[in-house]
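The values are calculated or read from the model by the stated rules, or taken from the named source; none is laboratory data. Owing to the predicted nature of the structure, the values given are computational and were not obtained by experimental measurement. Quick reminder, even Gly has a Cβ in these numbers, built from the backbone with ideal geometry, and neighbours come from all protein chains shown. Remember, those area values only see protein heavy atoms, side chains included, never the ligands or the DNA or RNA. Shrake-Rupley method; radii C 1.70, N 1.55, O 1.52, S 1.80 Å.
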Amino acid sequence: MVTAQDVMTPSDYMARALFLAERGRGRTSPNPLVGAVIVSPEGVVVGSGFHARAGEAHAEVRALDEAGAAARGGTLYCTLEPCCHVGRTGPCVVRIVEAGVARVVAAVEDPNPLVCGRGFAFLRAHGVEVEVGLQAAAAMRINLPFFTRHRSQRPLVTLKAALSADGCVAAAPGQRTRLTSAAANRHAHWVRAEVDAIAVGAGTILADDPLLTARGAYRAQPLVRVIFDRRLRTPPTARVLSTVDAGPVIIVTSADQLAGRESGRQALERRGARVLVTRTGMIREALGRLAADWQLGSLLLEGGAAIHAAAWEEGVVDIVRLYVTPHVIGAGGVAFLPAGSFWSGALRQRRVEPLGPDVMIEGYVHRID
Ligand SMILES: NC(=O)c1ccc[n+]([C@@H]2O[C@H](COP(=O)([O-])OP(=O)(O)OC[C@H]3O[C@@H](n4cnc5c(N)ncnc54)[C@H](OP(=O)(O)O)[C@@H]3O)[C@@H](O)[C@H]2O)c1
């Protein structure tokens with residue numbers, strides 16, 4: 001007799017759990033994407049689930065609810081270590097033990113210090129067999145913001161720029177310069193809909209007065225906007241401050257630059273801005289505060305030239321995404337990153353996609369697994 005076990009492998013069950021996890025994309029932050037599949041001793045999938053939204057049931061609990069009594073003696077495949085702490089929902093490990101699951105196969109340990117192996121230890125202590133590591137790289141890749149926040153204490157930073165064919169981001173310093181096509185703009189707005197935050201420097205606010213919202217794309221959660229602006233040059237009339245209904249606008253300054261600018265701060269706060277005061281004025285410190293206080297897992301750094309260069313020099317860029325356009329700017333143009341400091345050929349797992357007349361190039365700056 002051919003059973004389901006003869007045709008489905010453990011990798012297939014984990015692939016199914018990873019596929020399910022993706023269904024929560026854009027809705028679970030600050031929680032990770034998680035998928036779970038419960039398989040009976042005969043190899044039949046008796047329950048499956050995913051974490052659909054922050055504050056709602058975890059993937060394992062949804063799979064256990066679906067499986068009911070059929071979970072007893074079965075194997076739970078999950079993309080992340082089951083939790084053992086009481087957050088907005090109860091600990092999954094208790095439910096797993098109570099359901100009589102015999103074995104848990106998890107892709108990767110949860111980097112959250114509240115869990116971090118304790119979930120596995122609890123399961124083993126209650127007689128559940130535990131195996132860790134199946135498709136670990138894929139499981140980490142779907143949750144890079146979550147892993148970066150817990151392991152590096154800052155959000156995953158994507159540097160995004162629109163470039164002319166001759167490598168410039170603007171026609172002249174401080175000049176608003178439209179470069180990208182409608183197709184590339186649409187793509188950029190889809191990306192905005194998935195990240196926790198978008199960020200720009202004060203120069204971009206002054207030159208472009210952008211709204212910094214995700215338009216033409218459904219976004220389930222509030223979008224945080226961050227403005228790096230130590231001297232508080234953002235005018236209270238800036239258009240982004242008319243969009244606080246879409247999510248908080250955080251203006252990052254530093255203690256030394258803030259001195260003597262209290263009235264400017266108050267004017268911005270009256271418009272709904274939140275002011276974050278760093279000690280050093282460095283981007284890394286601000287990112288640490290944004291991860292700790294605002295639980296930001298991902299941040300899209302949209303420009304301009306000075307803040308891109310500063311983030312690159314501080315080594316806090318994880319992903320680069322360039323929209324390269326056919327326009328030529330020529331002499332006087334503002335170059336993208338200091339000459340010789342960046343080469344797109346050095347990006348890892350590079351991906352290239354045509355978007356109308358433009359070409360998107362994206363890749364990782366460092367090894368990610
Ligand atoms: N092509 C593109 O993708 C793109 C995207 C965005 C903008 N742009 C263009 O770029 C131009 C604006 O760029 P920009 O270089 O003038 O300004 P910017 O990079 O947007 O902002 C620069 C400002 O950021 C502030 N800042 C805060 N923390 C900093 C830090 N740690 N290190 C360095 N700066 C920090 C500085 O002001 P404080 O010293 O007061 O903090 C600095 O003046 C405009 O022409 C705009 O149209 C192009």
What are the residues in the stretch 255-274 that are hydrophobic (A, V, I, L, M, F, W, C) and either loosely packed, with under 12 Cβ neighbours inside 10 Å or more than 13 Å from the ligand (Cβ to nearest atom) (or both), if any? Ala259, Ala267, Leu268, Ala273
Residues that are buried (at least 20 other Cβ atoms within 10 Å of the Cβ) and of a type outside the set (A, V, I, L, M): list the strands (runs of 3 or more DSSP E) wholly contained in the stretch 316-369 that include at least 1 such residues. 319-324, 358-364
Arg231 versus (1) away from the ligand (no atom under 13 Å from the Cβ); (2) of a type outside the set (Ser, Thr, Tyr); (3) surrounded by fewer than 16 Cβ atoms within 10 Å (Cβ to Cβ): which is the lone unmet condition? (1)
If I ask for residues that are more than 19 Å from Phe19 (Cα to Cα), open to solvent by less than 40 Å² (accessible area, probe 1.4 Å) and over 25 Å from the mean Cα position of the chain (by Cα), which ones from the stretch 69-89 would you list? Ala71, Gly73, Gly74
Any idea how many residues of the stretch 117-149 are of a type outside the set (Gly, Ala, Ser) and not in a helix (DSSP H, G or I)? 9
Please go through the stretch 19-37 and pick out each residue that is touching a helix residue (DSSP H, G or I) at 6+ places or on another chain (Cβ under 6 Å) and open to solvent by 20 Å² or more (accessible area, probe 1.4 Å). Gly26
Do we have any residue at all in the stretch 276-295 that's away from the ligand (no atom under 13 Å from the Cβ) and assigned to a strand (DSSP E or B)? no
For the stretch 144-161, enumerate the residues that are open to solvent by 30 Å² or more (accessible area, probe 1.4 Å) and either more than 30 Å from Ala21 (Cα to Cα) or within 16 Å of the ligand (Cβ to nearest atom) (or both). Lys160
